[in-house]
Amino acid sequence: MFEKVTKVLAITAVSTMLVVSTAIAAPITIKFAHVVAENTPKGQAANKFRDLVAERLGGKVVVEVFPSSQLFGDDAVLEAMLLGDVQLAAPSLSKFERYTKSLQLFDLPFLFKDMAAAEKFQQSEAGQKLLNSMESKGLIGLGYIHNGLKQISASKPLHVPADANGLKFRIQTSDVLAAQFEALGAVPLKKPFSEVFTLLQTKAIDGQENTWSNIYSQKFFEVQPYITESNHGLIDYLVVTSAEFWNGMPEDIRTEVKKALDDAIAFGNKVAEEKDMSDKQRIIDSKRSEIITLTPEERAQWVEVMKPVWKQFEEEIGKDLIDAAYASN
Ligand code: LMR
């Protein structure tokens, strides 16, 4: 009898050890999906995050990065996140309007005069509060990644707003950006990032707005003979996760993951600063696209035509928020 009990206990102990060791062995997987190439600020930040997590939390957490819309485009990624199919993404701030109206702030034309102003606002109390603007929808913002200011590329030279009249422009899924192009008398079309090159190449659209690094890495400059250096708006990203996933992680691991993410964001922001200059230069060197520099008078015309969009969205976004962001200049 005694022997039998000992045997049963021994078997139980062994199987418990097996269960425990299996539990320890299974790491938490974080799928990080994004739409840009790897050699972009966001692509580099995502890869850095993967590497830092492997270094610091090897065995406990694994990050898998899916660039270039391989797993999800920005149109589907947030829904997929709420279903638990992806844990991290960093869509541009222009792509959240189905979840919150506050982030539309970042699409207002001529809001930030440079990236230092954008950074200053994002790190301010008001900017940090916006990270939580989708909590009721089950999404948590973990930080901002920079890309840069937008330029307008087109099939014809755009010096003044009237030059854009009647042209078709691809935009991100944002009503503010639609209003901005409508103010020019142009036709805005909301299309996924992954389709833009083909739309330009086949001349289904006449132009688009984007940062130097996106225009370069997506090869838009090869199919757009003119780029107007307008610096009229911002493309930055919100790193986002689902509350269910984030809060479900053990606290000590979550703290380390967040530290790795903060370090990766800082790295990505340095890349953004560097690429903004170097990718512009690469486009100039390619001689595929002419860069149009605006005179102060021409620039004033763009501001005059586009800025009334602020009033259109003031109620949805909140005047205090707009004032706070503008004050960072
Ligand atoms: C775009 O759709 O043009 C951008 O948001 C893509 C990106 O992630 O930079």
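The values are calculated or read from the model by the stated rules, or taken from the named source; none is laboratory data. All figures in this text were calculated on a predicted structure; none of them were measured in a lab. For neighbour counting, all protein chains shown are included, and Cβ atoms are generated from backbone atoms with ideal geometry for every residue, glycine included. Surface areas here come from the heavy atoms of the whole protein model, side chains and all, with no ligands, DNA or RNA. Shrake-Rupley method; radii C 1.70, N 1.55, O 1.52, S 1.80 Å.
Tabulated results
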| quantity | calculated |
| --- | --- |
| Filter result (touching a strand residue (DSSP E or B) at 6+ places or on another chain (Cβ under 7 Å), small (Gly, Ala, Ser) and part of a helix (DSSP H, G or I)) within the range 252-298 | GLY268, ALA272 |
| Any chance LYS42 is surrounded by 19 or more Cβ atoms within 10 Å (Cβ to Cβ), assigned to a helix (DSSP H, G or I) and more than 16 Å from the ligand (Cβ to nearest atom) | no |
| Per-region count, the range 164-186, residues within 16 Å of the ligand (Cβ to nearest atom) and in a helix (DSSP H, G or I) | 6 |
| Count of residues meeting criterion [open to solvent by less than 30 Å² (accessible area, probe 1.4 Å) and without any contact (Cβ under 8 Å) to a residue 24 or more places away in the chain] in the range 252-281 | 1 |
| Qualifying residue in the range 75-90 (condition: at pLDDT below 95 and over 22 Å from PRO250 (Cβ atoms)) | yes |
| Candidates GLU3, GLU55, filtered to the one that is at pLDDT 95 or above, acidic (Asp, Glu) and in a helix (DSSP H, G or I) | GLU55 |
| Among the residues listed as GLY166, GLY143, the single one being open to solvent by 20 Å² or more (accessible area, probe 1.4 Å) and either modelled with pLDDT of 95 or more or among the polar types (S, T, N, Q) (or both) | GLY166 |
| Matching option when the condition is among the aliphatic types (A, V, I, L, M), away from the ligand (no atom under 16 Å from the Cβ), closer than 25 Å to LEU103 by Cα and assigned to a strand (DSSP E or B), among LEU142, LEU238, LEU189 | LEU142 |
| Options ASN231, ASN214; residue that is within 11 Å of the ligand (Cβ to nearest atom), within 27 Å of ASP114 (Cα to Cα) and modelled with pLDDT of 95 or more | ASN214 |
| Residue satisfying all of: in the range 45-68; surrounded by 21 or more Cβ atoms within 10 Å (Cβ to Cβ) and within 13 Å of the ligand (Cβ to nearest atom); farthest from ALA89 (Cα to Cα) among these | ALA45 |
| Leading residue by the ranking (least open to solvent (accessible area, probe 1.4 Å)) among those in the range 282-302 that are without any contact (Cβ under 8 Å) to a residue 24 or more places away in the chain and more than 29 Å from the chain's Cα centre (by Cα) | THR295 |
| Counted residues, the range 146-162 - those being crowded, with 21+ Cβ neighbours inside 10 Å and among the charged types (D, E, K, R) | 1 |
| Residues that are open to solvent by 10 Å² or more (accessible area, probe 1.4 Å) and in a strand (DSSP E or B), drawn from the range 212-233 | TYR226, GLU229 |
| Subset tally (residues that are over 23 Å from ALA118 (Cα atoms), in contact with a Leu (Cβ under 7 Å, 6 or more places away or on another chain) and among the polar types (S, T, N, Q)) for the range 234-272 | 1 |
| Any hit, the range 114-123, residues being of a type in the set (A, V, I, L, M), crowded, with 21+ Cβ neighbours inside 10 Å, within 16 Å of the ligand (Cβ to nearest atom) and touching a residue at least 12 places away in the same chain (Cβ under 8 Å) | yes |
| Of residues in the range 200-211 being open to solvent by 30 Å² or more (accessible area, probe 1.4 Å) and not basic (Lys, Arg), the one farthest from the ligand (Cβ to nearest atom) | THR202 |
| Residues that are part of a loop (DSSP other than H, G, I, E, B), small (Gly, Ala, Ser) and near the ligand (Cβ under 10 Å from one of its atoms), drawn from the range 78-95 | ALA90 |
| Residue match in the range 69-79 (condition: within 19 Å of GLU135 (Cα to Cα), surrounded by fewer than 19 Cβ atoms within 10 Å (Cβ to Cβ) and not hydrophobic (A, V, I, L, M, F, W, C)) | yes |
